[in-house]
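Trainee: Got a structure for you, written out below as structure tokens; questions coming shortly.
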Amino acid sequence: MSSDFPRRVRILAIEHERGTGPERFGDWLAEAGAEVVVTRPYLGEVIPAEALPAEAPDRDPNASAAGPAGSFDALVVLGGSAGPLEDAENPWFPEVRRLLGRSIAGEFPSLNICLGGEMLAVAGHAPITRRMHPQIGIYELRATSAGGSDPVFGALAHGPLPSVLFHQEEMALPTGAELLITGSDAPVQAFRLGESAWGTQFHPETGAGQIARWLSGNDLALPAGKTEDSIIAEVEAHDSALVDSGRRLARAFVGFLEGRR
């Protein structure tokens, strides 16, 4: 029996390694009305690429809002300690980059975080470089004018944007991309390629607990003047702002997906 109610937006999230799941960003996506399904290829789980739309959705307002059962409306690619081209250690990476190429082409929306954003940049033929010094902790970011009018990142356009960074790889802006969020000496902090493929360098999902776990299992040299304790303290001090901005971003992304149906 068919239902008169459209199904919930469904989002496929790809987790690359233990400890890098969607965390509270996944909770905020669910709070906004989405169902988030996480696949973990590092544990041998399959990436169900066939469940993502093969072409841009029908924009006919008279078309049914309910897609086939088991299909996904969008992709979220999460972070990790690897570089975006370390395929030998992560044999599913080429498939993820192919999926992101499809997202750039407009087949389905994607929101890609840190390593995910770097993979999107690679799919858009932008170079990735390794910084001499990593960025770890809270950094003040801001929206660009393009970011202010973006259908998703416009939700972050008002005032300073304290954000969590934890990266050593750095991406350039792909040709044709819109720079949405900038700040720090790694200026490409969020961008959009095409109509609906977004990438971030910053972590909207991360809080002090996850940062503490990453620090304890990572051998990156810390930025000058910072210690593990000071980094955890600054993330804790900004938690209210992090929750507010992360929740707004999740709500805007789900709203965008619902508007396409």
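The values are calculated or read from the model by the stated rules, or taken from the named source; none is laboratory data. Source: prediction; values computed, not measured. Reconstructed Cβ throughout: ideal geometry from the backbone, glycine too, with neighbour counts over all protein chains shown. Heads up: the accessible areas ignore ligands, DNA and RNA and are worked out on the full protein's heavy atoms, side chains in. Shrake-Rupley method; radii C 1.70, N 1.55, O 1.52, S 1.80 Å.
Trainee: Mind pulling the angle between the C-alpha long axis of helix 228-237 and the longest principal axis of the chain? Nearest 10 degrees, somewhere in 0 to 90.
Mentor: That works out to roughly 50 degrees.
Trainee: Compare the Cα positions of Trp198, Leu179, Ala155 along the charge dipole of the range 139-206 (+1 at Cβ of Lys, Arg; -1 at Cβ of Asp, Glu; about the Cα centre) and return the one farthest towards the positive end.
Mentor: The residue sitting most towards the positive pole is Ala155.
Trainee: While we're looking at this one, here's another question. Can you give me the C-alpha center-to-center distance between the range 203-223 and the range 90-122, rounded to a whole angstrom?
Mentor: The range 203-223 and the range 90-122 have Cα centres separated by 23 Å.
Trainee: Give me the angle, in degrees from 0 to 90, between the Cα long axis of helix 239-259 and the longest principal axis of the Cα atoms of the chain, rounded to the nearest 10.
Mentor: 20
Trainee: Which of these, Met132, Met119, Met171, has the largest mean-square fluctuation under a Gaussian network model of the chain (Cα springs below 10 Å)?
Mentor: Met132
Trainee: What residue among Pro223, Pro22, Pro187 has the largest mean-square fluctuation in a Gaussian network model of the chain, using Cα springs under 10 Å?
Mentor: Most flexible of the set in this elastic network: Pro223.
Trainee: A further question on this structure: With charges only on Cβ, +1 for K and R and -1 for D and E, what is the dipole size of the chain about its Cα centre, in debye, rounded to 20?
Mentor: Numbers: 21 positive and 35 negative charges, 75 e Å.
The calculated dipole for the chain is roughly 360 debye.
Trainee: I've got another one for you. Restricting to the chain, compute how many DSSP beta bridges are antiparallel as a %, nearest 5.
Mentor: Numbers: 20 of 37 bridges.
Antiparallel: roughly 55 percent of the beta bridges in the chain.
Trainee: Given bins 5 angstrom wide, list per bin the percent of all Cα-Cα distances in the range 114-193, short to long.
Mentor: Taking all Cα pairs of the range 114-193, the binned fractions are 3, 16, 26, 25, 20, 8, 1 percent.
Trainee: Then there is this: On the protein heavy atoms, probe 1.4 angstrom, tell me the percent of accessible surface of the chain carried by carbon and sulfur.
Mentor: Working: 6040 of 11510 Å².
Carbon and sulfur: 53 percent of the exposed surface of the chain.
Trainee: Assign unit charges at the C-beta atoms only (+1 for Lys and Arg, -1 for Asp and Glu), then state the dipole size of the range 171-261 relative to its Cα centre in Debye, rounded to the nearest 20. If you can, show how the numbers build up before the last one.
Mentor: Numbers: 8 positive and 12 negative charges, 97 e Å.
Computed about the Cα centre, the dipole is about 460 debye.
Trainee: Thinking of the range 169-217 as a set of Cα atoms, what percent of all their pairs are more than 17 Å apart? Don't jump to the answer; show the numbers that get you there.
Mentor: Values: 536 of 1176 pairs.
Pairs farther apart than 17 Å: 46 percent.
Trainee: Run lengths n ≥ 4 of DSSP H only: what is the helix-derived mean residue ellipticity at 222 nm for the chain, with -39500 (n - 2.57) per run over all residues, to the nearest 500?
Mentor: Values: 7 runs with 74 residues, N = 261.
It comes out at -8500 deg cm²/dmol, rounded to the nearest 500.
Trainee: Could I ask something else about it? Could you order peptides 33-46, 236-249, 96-109 by the average number of other Cβ atoms within 10 Å of their residues, highest first? Present the calculation step by step, with values, prior to reporting the outcome.
Mentor: On the way: 33-46: 14.8, 236-249: 17.2, 96-109: 20.6.
Put in order of decreasing packing, that is 96-109, 236-249, 33-46.
Trainee: Which of the listed residues, Gln135, Phe72, Gly117, is farthest toward the dipole's positive end in the chain, when Lys, Arg count +1 and Asp, Glu count -1 at the beta-carbon?
Mentor: Phe72
Trainee: Nothing charged except the Cβ atoms of Lys and Arg (+1) and of Asp and Glu (-1): what's the magnitude of the dipole of the range 217-259 about its Cα centre? Round to the nearest 20 debye.
Mentor: Approximately 280 debye in magnitude.
Trainee: I would also like to ask the following. Could you work out how far helix 93-104 tilts from the main Cα principal axis of the chain, as a 0 to 90 degree angle to the nearest 10?
Mentor: The answer is roughly 60 degrees.
Trainee: For q = 0.08, 0.13, 0.15 Å⁻¹, what log10 I(q)/I(0) does the chain give under the Debye formula with an equal point scatterer on each alpha carbon and no solvent?
Mentor: With one equal scatterer per Cα and no solvent, log10 I(q)/I(0) is -0.29, -0.79, -1.06.
Trainee: Send over a whole-number figure in Å² for the accessible area per residue of the chain, probe 1.4 Å.
Mentor: Details: 11510 Å² over 261 residues.
Roughly 44 Å² per residue, with all protein chains present.
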